[in-house]
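What follows draws every value from the coordinates through simple rules; no lab data is involved. The shown structure was predicted, so the numbers you read here are calculated from the model rather than taken from an experiment. In this analysis, Cβ positions are derived from the backbone assuming ideal geometry, glycine residues included, and neighbour counts consider all displayed protein chains.
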Amino acid sequence: MAAKKKQHLRPLSQAASLCSSGRVWTWEPGLVGDVVRACPTYGRLLARAVIGGLSQTDGRDYSLVTASAAFGEGTFGKGILKKGMCYGDDACFIARHRSADVWCVADGVGGWRDYGVDPSQFSGTLMKTCERLVKEGRFVPSNPVGVLTSSYYELLQNKVPLLGSSTACIVVLDRRSHRLHTANLGDSGFLVVRGGEVVHRSDEQQHYFNTPFQLSIAPPGAEGAVLSDSPEAADSSSFDVQLGDIILTASDGLFDNMPDYMILQELKKLKNTNIESVQQTARSIAEQAHVLAYDPNYMSPFAQFACDNGLNVRGGKPDDITVLLSIVAEYTD
C-alpha cells in the first residue's frame, strides 16, 4: 500500500492544536468520482498540423486544443463534478489573456489532513488566485514563476487564515513567439511529445522520498515546523514548440502510476486534433492510471522509487489524478 504524500511535520503540539482549531472539511468519496471536462480554448482554432510535429510556420499565432480529465482518490464510476476545476486535493486552471495561454496543476499535500486541515483548500485557492491574475493581465508570459510568486504572497497576506501546502506546475504558451515557458515546484509536471517521443519534460523536485517541494502556509508560531519552499525555487525552462506538439500536464497521481512508455502508447491513439479526440485520450490516460493505482501486484513508478529508497513496496499509488492534455494548433480570430 503506497504512502500518502508528506508534509514535513515535526512533532509539535502547538502546530497540531492550532491547525485543528481551524475549519475542518470532510471529503466524501462518493461525491467526487471520475470527472471529465472539455476545455476548448476561446476563439476559433484551426488545427492544420499533423500530430507528431511539423516545422514552425513563422508569422502565425499558435493556440491550444485542450481537454482535462480527473479522478478523485478512492472513487469509482461516475461521480458529481465539483464547482470549479478541483478534484479531491488536486486543483487546476486553464486561462487565456491576449497573446498567451496559461494553465497549471496543483496538488494539495495530504499530510495536513492529520491536523484537521482540508488540503484542497490551499491548492484550490492558489489556483483560483493564479487564474484571476492571468485574466487580469497581471503577469509576464516569459515569467510563469511570477504568477506563482504573486499568488502565493497574496495568500500570505490574506485576512482570512489559510493553512496548507501544495505543489504546482504552471505552463505558458506565448502564441506569437511560439515559445513555451514553464515553472514546476514539486512533483506535478509536464511532458512535451513530438513525433511519438518525449522532447521536453519537467524535473521532479523532492527533498527526500515522498516529500516534494511545496508552497506552504503554517499556523502562527509554527513556521519552523512546516516545510515551505519559495516560489523562486521552482525549476524553470523555456523552449520553442511546433504545430502538432502534444503537451501533457498532470499531478503526480498520473506520473506515480504510469511510466512514459504507457503514456506514449495512449497518445499514439490520438489521430486528429479535434476536441472530441483530445478529450477521449485525456480520459483514457487518467482512467488507466486510476486503475493501475489500485493494482496491488503492479510495480508502479512510485513503488520502484520506494524500492530505490530502501522500502519494500509494491503496487500502484492511490491518489487524485488530474490530466490536462493539449495540442499546439494554429489560431485564427
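What the table shows:
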{"item": "Extension gain from Arg179 to Arg60, taking 0.36 nm per residue of separation minus the Cα-Cα distance", "result": "41.6 nm"}
{"item": "Estimated FRET transfer efficiency when R0 is 22 angstrom, pair Tyr261-Asp240 (beta carbons, to 0.05)", "result": "0.30"}
{"item": "³J(HN,Hα) computed for each position of the range 287-292 - Karplus, 6.51 cos²θ - 1.76 cosθ + 1.60, integer Hz, glycine/proline x", "result": "5, 5, 4, 5, 5, 5"}
{"item": "Full-stretch length increase - Tyr153, Glu197 - with 0.36 nm per residue and alpha-carbon distance subtracted", "result": "12.1 nm"}
{"item": "Label-to-label distance, nm, for residues given as Glu232 and Asp114 (7 Å Cα→Cβ offset)", "result": "3.2 nm"}
{"item": "R0 of 45 Å, Cβ-Cβ distance Val160-Tyr294: FRET efficiency to nearest 0.05", "result": "0.75"}
{"item": "Least to most buried among Ile263, Ile321 (fewest other Cβ within 10 Å first)", "result": "Ile263, Ile321"}
{"item": "Stretch gain in nm, segment Glu136-Lys271, where the contour uses 0.36 nm per residue and the Cα spacing is subtracted", "result": "45.0 nm"}
{"item": "Most positive-pole-ward Cα, Gly224, Leu264, Ser326, against dipole of the range 222-333 from beta carbon charges", "result": "Leu264"}
{"item": "Per-residue Cβ neighbour rank within 10 angstrom, fewest leading, Leu156, Leu325, Leu248", "result": "Leu156, Leu248, Leu325"}
{"item": "Inter-part distance where the range 256-333 and the range 166-234 are each reduced to a Cα centre, Å", "result": "18 Å"}
{"item": "Neighbour net charge for Gly316 - beta-carbon separation under 12 angstrom, K R +1, D E -1", "result": "-2"}
